[in-house]
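Here's the structure we're looking at; comments come further down.
The values are calculated or read from the model by the stated rules, or taken from the named source; none is laboratory data. Since the model is a prediction, treat every value here as computed from it, not as a measurement. When we count neighbours, we look across all protein chains shown, and the Cβ atoms used for this are built from the backbone with ideal geometry, even at glycine.
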Amino acid sequence: MLDLVFDLFRNRYTPAPIQGDFTMRLLLILILMAPIAAVALDLTDKQRAEIEARIKPFSEVCVQGQPCGGGSDSAVSSARSGEDVYNAACMACHAAGIAGAPMVGDQVAWADRIGKGMDALYQSGINGVAGTGMIARGGCADCSDDEIRLAVDFMVDSSR
Ligand code: HEC
């Protein structure tokens with residue numbers, strides 16, 4: 001009889017503290033990991049904000065009647081030089097090598113690309129390079145094909 005009571009007691013009440021201990025440990029682990037998750041989220045948010053800030057200027061470049069990029073607001077529509085277009089739409093990535101973009105002036109980075117011929121580079125400028133950060137027209141929606149070609153000329157001439 002006493003054995004039975006003892007058994008009952010063991011079966012009922014022994015597991016509880018063990019479970020409680022396990023829960024506490026799990027909770028502790030979660031509490032300790034929370035800041036790490038928070039930091040990770042914070043970083044991606046910051047990175048996204050930075051990327052958005054970088055992309056913004058050239059999605060809004062050169063609206064007619066408003067000051068254009070570097071300032072020459074007389075150069076509306078077709079009168080933009082390759083350098084103007086580069087400064088407004090391409091420099092964001094190609095000046096510092098953002099997202100793996102070949103830096104303008106980096107002859108080594110450009111040598112193989114120049115070897116493909118200007119037509120191939122114009123195509124890349126106009127249509128983008130699939131699967132890379134090089135989006136069509138570098139994101140410059142109001143750049144004409146000719147303006148993109150001029151910008152490519154400017155970039156290549158500066159990188160030979
Ligand atoms: C958002 C960033 C970004 C912007 C803005 C950008 N590029 Fe690029 N560009 C890249 C990247 C990344 C590559 C490398 C792609 C690859 O891996 O071949 C590249 C490559 C190129 C190449 C070489 C492509 C080839 O076939 O080798 C040309 C030409 C080029 N860009 C022209 C331009 C022009 C012109 C503009 C502005 C109108 C521009 N890019 C704006 C990111 C950018």
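Remarks
- Conditions (1) touching a Phe, Trp or Tyr at 6+ places or on another chain (Cβ under 7 Å); (2) near the ligand (Cβ under 8 Å from one of its atoms); (3) basic (Lys, Arg): number failed by Arg113: (1)
- Hey, Lys46 part of a helix (DSSP H, G or I), modelled with pLDDT under 75 and away from the ligand (no atom under 16 Å from the Cβ) or not: yes
- Yes/no for Ala96 being at pLDDT 60 or above, part of a loop (DSSP other than H, G, I, E, B) and within 16 Å of the chain's Cα centre (by Cα): yes
- Residues located in the range 122-142, provided they are in contact (Cβ under 8 Å) with a residue 12 or more places away in the chain and more than 6 Å from the ligand (Cβ to nearest atom): Tyr122, Ile126, Ala141, Asp142
- Within this structure, Gly133 fails the test of being over 22 Å from the mean Cα position of the chain (by Cα), of a type in the set (Gly, Ala, Ser) and not assigned by TED's automatic domain parsing to the domain that holds Ile51.
- Within the range 89-100, no residue that is among the acidic types (Asp, Glu) sits with its Cβ atom under 6 Å from a residue that is surrounded by 23 or more Cβ atoms within 10 Å (Cβ to Cβ) at 6+ positions apart or across chains.
- Of all residues making up the range 54-93, the number that are modelled with pLDDT under 90, within 13 Å of the ligand (Cβ to nearest atom) and assigned to a helix (DSSP H, G or I): 6
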